[in-house]
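The values are calculated or read from the model by the stated rules, or taken from the named source; none is laboratory data. For clarity, every value in this text was computed on a predicted model and none was experimentally measured. Positions of Cβ are backbone-derived with ideal geometry, glycine not excepted, and every protein chain shown enters the neighbour counts.
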Amino acid sequence: MHARRRWRIALALLWLTAVTPAGAEIVLAQVAPFSGPLARAGQEYHDGAMLYFRRVNESGGVHGERIRLTRRDDGYVPERTVALVNEALQQDRPLALLGLVGTQNMRALLEARLIEREQVPVVGISSGATMLRSPMHPLLFHLRASYRDEAARIARQFAVMGVKNLGVLYQDDALGADALVGLESAAASLGLAIVAKAAYRRNTSEIDAAVQTLAQASPQALVLLSNTPASIGFLKRYRTGERSATPVLALSITDASALGPALGPERARGIGVAQVVPSPLGRTHGLVRDFEIDLARHAPKGTEASHSLLEGYVAARVLAEALRRTGPGATRQRLIAALESMHEFDLGGFVVRFTPTRRDGSRFVDLSVIGDGGRLLN
């Protein structure tokens, strides 16, 4: 009896070894800006994802397979995004792409039809553009609210504050145009007038003309549909003298945690930024409490919590859960089906909703405000 039991156990172990060989791994790939104007956003998204993947790997992986996330630096240049995604797909053979950044970058990738050719899912895109969501693209799984959702939240906040007219700085590309449409629609429905609009060229911080245009209009409040370097350059020039107290709300593509150090505590105080994940400094969400634990265990000493880190962490948790639902020997098609099964996946106060006909996993938008001493408040 004992010999037969030992034989069965040995046979089971041999079967498991055949199914999951030693060193087996699940490969995911990220192509994002690790240099250039959005380097910090790309790096923090990657680091946030790795917090959770390290936790998974230390506990034995998913179905016995460790997760490996490869990365390539596109510098926020669309042509490089296409070339490097193609390289990753050919060399790494990833089950999924994670954390791609930029509306123009994703547009170039879709036009190249690489992800359709390979039928590879893209999870957690760092863009809220409508063109990536409508019509629904079956391979794009979004984990952040749209830019139009963010713009509507900003407009509502200014309406509550009693503001009557707005000035807008926006990026002169598909991202800026999309967010501007959302802001104009929301403002009109709330009775807010947009008295001046000024653009800056993508991938630059050339904001001198925009500062002049908006200063001449003297709006009651400002909306920034701009990335971090452009927002910082603009605010350094605009928020001086009698304009130093002008209320400002920015889209989430501005890194709120970078404003205080760059602008100084006085100039930054009172500026608000839309956020697509909960505050990483609060403890009301179970998600954030888990994030804090993994940050303490797996991040280099001195790493500070940020929304970008948390956004990458969310994407990693969603992908890891999908891989668990996929079962051993995952394929891209089975991973897509597993993602579609997440009808109400609660990460601890942050709920992701995917279905076969829905790819907008979240519409969560909150506002952070910079308080005294340049500290970020929620």
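Brief remarks follow.
- Some residue of region 170-177 being over 16 Å from L224 (Cβ atoms) and at pLDDT below 95: yes
- Within the set L89, L100, the sole residue that is surrounded by fewer than 20 Cβ atoms within 10 Å (Cβ to Cβ), touching a residue at least 60 places away in the same chain (Cβ under 8 Å), within 22 Å of the chain's Cα centre (by Cα) and closer than 23 Å to Q333 by Cα turns out to be L89.
- The condition of being more than 14 Å from S368 (Cβ to Cβ), of a type in the set (K, R) and touching a residue at least 12 places away in the same chain (Cβ under 8 Å) does not hold for R283.
- Selection of region 195-206 for residues being within 14 Å of G176 (Cβ to Cβ) and part of a strand (DSSP E or B) yields K197, A198, A199, Y200.
- Considering region 66-153, the qualifying helices (runs of 4 or more DSSP H), each wholly inside and each with 3 or more residues that are farther than 23 Å from L225 by Cα and touching a strand residue (DSSP E or B) at 6+ places or on another chain (Cβ under 7 Å), run over 78-91.
- Restricting region 270-289 to residues that are under 18 Å from the mean Cα position of the chain (by Cα) and polar (S, T, N, Q), the residue that is surrounded by the most Cβ atoms within 10 Å (Cβ to Cβ) is Q275.
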